[in-house]
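What follows is a set of notes on a single structure, which appears directly below.
The values are calculated or read from the model by the stated rules, or taken from the named source; none is laboratory data. From a predicted model like this one, the values you see are computed outputs, not experimental measurements. No Cβ is skipped: glycine too gets one built from the backbone with ideal geometry, and neighbour counts run over all protein chains shown.
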Amino acid sequence: MKTEAISVLGATGSVGENTLDVISRNADSYRVIALSANHNTQGLAEQCARFNAQLAVIADPALENELYKALKAQGATATVMSGEAGLVTAAGLPEVDIVMAAIVGAAGLKSTLRAAETGKKVLLANKESLVIAGELFTRTARHNGAQILPVDSEHNAIFQALPVAFEQGLEHVGVERIILTASGGPFLDMPADKLNQVTPAEACNHPNWDMGQKISVDSATLMNKGLEVIEARWLFNARPDQLEVLIHPQSIVHSMVAYRDGSVLAQLGTPDMRTPIAHALAWPRRIESGVKRLNLPQESDLSFKQPDLKRFPCLRLAFEAMSAGENAPVGLNAANEVAVEAFLQGRIAFNTIPSLVEEVMQRLEISAINNLDDVLMHDKLARIRATEWVKQIR
Ligand code: NAD
Ligand code: MG
């Protein structure tokens, strides 16, 4: 069988590490070409040595020398590049077939977009790219024959529950609704007056999933589900009124598709990102992922309920941004990234995250997004406003 060549962007993160784990279990099928990290030179050098990567990219240009030394110490022979130019190069290398886009936040946009421009198989974990540039990204992929395979567990589940012909439109295949499940995060049942006192460590301690810090906080505020609703809107070309969220604390049903005839198709599995990663890597084949098998008698209490938008306003704000369209999701995402960072640094309280996002959204003037420059400009503007607001409340 032909081996496929892969670049893993964000290789040292939670999704990146899980991707390399699945690759190592299927070493005959995949060749690692390029790996990237933000600051972790040591971790990146070890990965390069282990997978014999040809290109190592460190996003922070100040760490280029440190990466050289770390690679040398590991006996790794990878070429070094840095900064956004390095990430974009790794995404667009002609010999690369698959790009795992697993950088966190809007920082992943340019490299993920480059993978779409160069017609790669794009394994999309970096949901923020699609939230802020959904129209541009899906159009670019279509024009260049790039295939987007969702890695986010909900979207991967939805993809698995849809026939291939969904690309001709959800109506065409009889879909009525898409139901995204949400665990509800660590504070699902916490009274509103207690939410103000939660610490970053508590927010990052997710009951079912082991993830990076930013997405863990997003899961605790339910902003993650809000971003995912917008992600689903673009991935499946869904109308906003076709998208629904249900709280499912067990994280066994990863999402569902409801059809015109009353059928509801769900994808189930142990909460482990290696399943959606393996699915996206090998689609339409199936490969071993190393995931613990689901034991249904032990999981018999599967429950579903409506989300509480009063205690978790981020989800409402995301639905509003999706309906407003244009630059609204850009503002939402940028304000949220600034707020989450400030919360993780102990500068604002947990409840201030939605207040800050709402403040930025209320002042936002809706204007059209036509190209990448528009996205970057509105992203910057919202970050400036959100950062000023953080300073004011301190
Ligand atoms: P993480 O924080 O664990 O890892 C992020 C990776 O991106 C690291 O390799 C880091 O070095 C790199 N990175 C961070 N900032 C960067 C920057 N400014 N420039 C370049 N590289 C940078 O994050 P994660 O949990 O692996 O999440 C990655 C993406 O996948 C996010 O968009 C997240 O929403 C999505 N996702 C994650 C999970 C999960 O289980 N962790 C599930 C679904 C979707
Ligand atoms: Mg998800």
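For (1) surrounded by fewer than 17 Cβ atoms within 10 Å (Cβ to Cβ); (2) under 17 Å from MET100 (Cβ atoms), each residue gets a yes or a no:
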position: ARG25; (1), (2): yes, yes
position: HIS39; (1), (2): yes, no
position: ALA45; (1), (2): no, no
position: ALA56; (1), (2): no, yes
position: TYR68; (1), (2): yes, no
position: SER82; (1), (2): no, no
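Considering the range 1-44 alone, what residues qualify as being within 16 Å of ligand 2 (Cβ to nearest atom) and either touching a Cys at 6+ places or on another chain (Cβ under 9 Å) or in a loop (DSSP other than H, G, I, E, B) (or both)? Residues satisfying the conditions are GLY10, GLY13. Checking the range 348-358 against the condition returns no match, with no residue being touching a residue at least 24 places away in the same chain (Cβ under 8 Å), surrounded by 13 or more Cβ atoms within 10 Å (Cβ to Cβ), acidic (Asp, Glu) and in contact with a Gly (Cβ under 9 Å, 6 or more places away or on another chain). Residues in the range 179-233 that are hydroxyl-bearing (Ser, Thr, Tyr) and in contact with a Cys (Cβ under 6 Å, 6 or more places away or on another chain): SER216, THR221. Among the residues of the range 173-187, those identified as within 13 Å of ligand 1 (Cβ to nearest atom) and either part of a helix (DSSP H, G or I) or closer than 30 Å to LEU376 by Cα (or both) are LEU180, ALA182. Filtering the range 190-209 to residues that are farther than 23 Å from THR270 by Cβ and surrounded by fewer than 17 Cβ atoms within 10 Å (Cβ to Cβ) leaves MET190, PRO191, ALA192, ASP193, LYS194, ASN196, GLN197, THR199, ALA201, GLU202. For the range 116-152, residues that are within 16 Å of ligand 2 (Cβ to nearest atom) and surrounded by 24 or more Cβ atoms within 10 Å (Cβ to Cβ) total 13.
Find the residue count for the range 301-329, including only residues that are among the hydrophobic types (A, V, I, L, M, F, W, C) and touching a Lys or Arg at 6+ places or on another chain (Cβ under 8 Å).
Within the range 301-329, the first condition is being among the hydrophobic types (A, V, I, L, M, F, W, C), and the residues that meet it are 302, 304, 309, 312, 314-315, 317-319, 321-322, 324, 328.
Pick out the ones that are also touching a Lys or Arg at 6+ places or on another chain (Cβ under 8 Å) and you get 309, 315, 318, 322.
The number of residues fulfilling the criteria is 4.
Taking each residue of the range 190-205 that is under 21 Å from PRO249 (Cα atoms) and looking for partners that are at pLDDT 95 or above and assigned to a helix (DSSP H, G or I) with beta-carbon atoms closer than 6 Å, six or more apart or interchain, yields PRO200/LEU344; ALA203/VAL217; ALA203/ALA220; CYS204/GLN213; CYS204/SER216. Scanning the range 240-275 for residues that are under 19 Å from the mean Cα position of the chain (by Cα), acidic (Asp, Glu) and more than 17 Å from LEU294 (Cα to Cα) yields one hit, GLU244.
Tell me which residues, restricted to the range 154-183, are small (Gly, Ala, Ser) and surrounded by fewer than 23 Cβ atoms within 10 Å (Cβ to Cβ).
From the range 154-183, those small (Gly, Ala, Ser) are 157, 161, 165, 169, 174, 182-183; that's our starting set.
Selection gives ALA161, ALA165, GLY169, GLY174, SER183.
Could you tell me whether ALA56 is outside any helix (DSSP H, G or I) and of a type in the set (A, V, I, L, M)? Answer is yes for this residue.
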